[in-house]
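Heads up: the structure comes next, in structure tokens.
The values are calculated or read from the model by the stated rules, or taken from the named source; none is laboratory data. The shown structure was predicted, so the numbers you read here are calculated from the model rather than taken from an experiment. We place every Cβ from the backbone using ideal geometry, glycine too, and count neighbours over all the protein chains shown.
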Amino acid sequence: MKTKKWPFVYVGVITAITYIPILLTVVYSFNESKISSVWGGFSLKWYVELFRDRDIGEALANSLILAVSSCILAVVIGTTGALGMHRKKSRINDGVAYLSMLPIMIPEIILGMVFLSVFSFMGLPFGMVTLVIAHTTFCIPYIYSMVKARLAGMDPALEEAALDLGASPVRVFFDVTLPLILPAILSGCVLAFAMSFDDVVISIFVTGPTVNTLPVKIYTKMKTGVTPEINALATVMLAATIFILFVAHLLGRRKS
Amino acid sequence: MNKKKDNHWMLLAPIYLFTILFVALPILYMFLLSFLSRAQVWGVDFTFTLDNYKKILEPLYLDTFVQSLKLALVSTVLVALIGYPYGFFMARMNDRWKKRMMLLIMIPFWTSGLIRLYGWIIVFRSNGVLDKILQGMGLTEEPLKLLYSYPAVVVGMIYVLLPFMILSVYSSAEKLDDTLVEAARDLGASPFKAFWTVSFKLTLPGLLSGVVLSFIPSMGLFFIADILGGNKIVLVGSVIQEQVTKGRNQPFAAALSAVLMILTSLMIRLYRKITGTAKLENIV
């Protein structure tokens, strides 16, 4: 079969278009002028302003704390859940599993609204606690489904062999099961972390007046108008993302 | 044996507790809330009423629903038209290029959605980059005033949703067996017919899951319409948010959410029915 060129051209053009806004953001982050349609010369002043901005630093710290704690909780709940449901299948288990997947199957806005009304009904003060609860609910599905898929493809003979050879169930878990499901837990974690770190819709509903996450902060800034500081922030975040993905790419290549 | 059983319940306890407490009960509460009325000053009155649902049928809110559905539909169709060939062609590339393209898709995907939308503000704003280019080419003279318009919102939607479509089409097109297409061609099918009867049929589940994955979030992505559409385009999502924060009318917001949720689950059901056993969560 001869290879045609136009599919490559198509994919290339679409990819290029998706990068236009990103590249523009990067270019304009070095723009001296405050107005984005005018090029006022190269400058790093927005970066200086960004690093001086205490609010942004605080929001970033909040976002990191939130994403890490939700991920840890979700790993515990999602992994034990997947293990338990893998061992014993029942209709109730299937029902609970379905319910636990719901948070990523319905529009985020519903989840946000639901949490806001329930938390205010329960009288929980809005802040980090409510944020962590809400984020954990939508982090669990990523980890649960990854671990479940991995368990389904695992050979049960491995665990049985270890048990037959006299290992305690705890030992079997740490020496056999955990190493086998660890990649699944990690890839679930990466997804869950990204979703939590990026979430605006749900966070807006359950955040308190004193706690801001980074996306909520950016959102309010964007609504009030264009500040070139966001360009600088976007560039820094983009660089961090590319760095992390590149490292992951290299690690993946070394393994294979 | 007994020991193993105890162990099994200990494993299940956290997910049961958490799911019942923070997913099942809150959603039940939302449905209950949608039948209650709003208290005079603050909070909720526990008297049964159907008023919230009647209110949705008022032209003002019904229009919003229709407009949201329309925007979701337009965005999803465009996402499918752009994303399907992309995912399909990507699956036909060699391994090295597959990895590279995957990285190129993942970089914007992992960057904050808000920040990616911000770039479009720079493109669309009046006398912004797009205006400059069009004017430079002599195509337009006046600024187009694209920011805060319907097309800008559609572009924003496509931009945010496209990766979902590409990835799910890609994952099903990758499993496609080339020999099947070749067999069809050998048996005398035209390239188009071979594509339509073999390739398209076999990648349909990927396309459909992409459609579901783009359609569902698009109903709730109020911030895109907010940022790129100004206050001109009001979606169900924006109404829910407004009712809950400014309007302090939780029961009405609950009714709107309930209707949205029923619409969503109908879509998922339909998807399951068409694709049979394939599960949505497999591609997440």
Could you please give the count of residues in region B:107-134 that are touching a residue at least 40 places away in the same chain (Cβ under 8 Å), at the interface with another protein chain (Cβ under 7 Å from one of its Cβ atoms) and under 23 Å from B:L167 (Cα atoms)? 5
Criterion: touching a residue at least 60 places away in the same chain (Cβ under 8 Å), within 11 Å of another protein chain (Cβ to nearest Cβ) and either in contact with a helix residue (DSSP H, G or I) (Cβ under 6 Å, 6 or more places away or on another chain) or not in a loop (DSSP other than H, G, I, E, B) (or both) - qualifying residue of A:T25, A:T18: A:T25
Whichever residue in region B:135-161 is within 12 Å of chain A (Cβ to nearest Cβ) and free of Cβ contacts under 8 Å to residues at least 40 places away in the same chain and, among such residues, is surrounded by the most Cβ atoms within 10 Å (Cβ to Cβ): B:P143
Could you go through region B:224-245 and let me know if any residue there is buried (at least 24 other Cβ atoms within 10 Å of the Cβ), modelled with pLDDT of 85 or more, within 30 Å of A:S187 (Cα to Cα) and within 17 Å of the chain's Cα centre (by Cα). yes
Looking only at region A:220-244, count how many residues are within 7 Å of chain B (Cβ to nearest Cβ), surrounded by 21 or more Cβ atoms within 10 Å (Cβ to Cβ) and closer than 15 Å to B:I121 by Cβ. 2
Can you find, within region B:37-75, the residue that is farthest from the other protein chains (Cβ to nearest Cβ) among those that are under 16 Å from A:S120 (Cβ atoms) and out of contact with any Ser or Thr (no Cβ under 7 Å at 6 or more places or on another chain)? B:V41
State all residues of region A:138-159 that are without any contact (Cβ under 8 Å) to a residue 60 or more places away in the chain and closer than 21 Å to A:V170 by Cα; if no residue qualifies, say none. A:R150, A:M154, A:D155, A:P156, A:A157, A:L158, A:E159
Scanning region A:95-123 for residues that are farther than 21 Å from B:S257 by Cα and at pLDDT 90 or above, which turns out surrounded by the fewest Cβ atoms within 10 Å (Cβ to Cβ)? A:G95
For B:G87, the lone unmet condition from (1) within 7 Å of chain A (Cβ to nearest Cβ); (2) crowded, with 18+ Cβ neighbours inside 10 Å; (3) closer than 22 Å to B:A173 by Cα is (1)
Just a yes or no: is a residue in region B:136-144 assigned to a helix (DSSP H, G or I), touching a helix residue (DSSP H, G or I) at 6+ places or on another chain (Cβ under 9 Å) and modelled with pLDDT under 85? no
Which condition number in (1) aliphatic (A, V, I, L, M); (2) in the same structural domain as A:F173 (by TED's automatic domain parsing); (3) closer than 25 Å to B:Y159 by Cα is the one that A:A59 fails? (3)
Helices (runs of 4 or more DSSP H) lying entirely in region A:148-227 (those with 1 or more residues that are in contact with a Gly (Cβ under 7 Å, 6 or more places away or on another chain) and farther than 23 Å from A:V75 by Cβ): A:201-206
So, of the residues in region B:62-77 that are in contact (Cβ under 8 Å) with a residue 40 or more places away in the chain and surrounded by fewer than 18 Cβ atoms within 10 Å (Cβ to Cβ), which turns out to be farthest from B:L260 (Cα to Cα)? B:V74
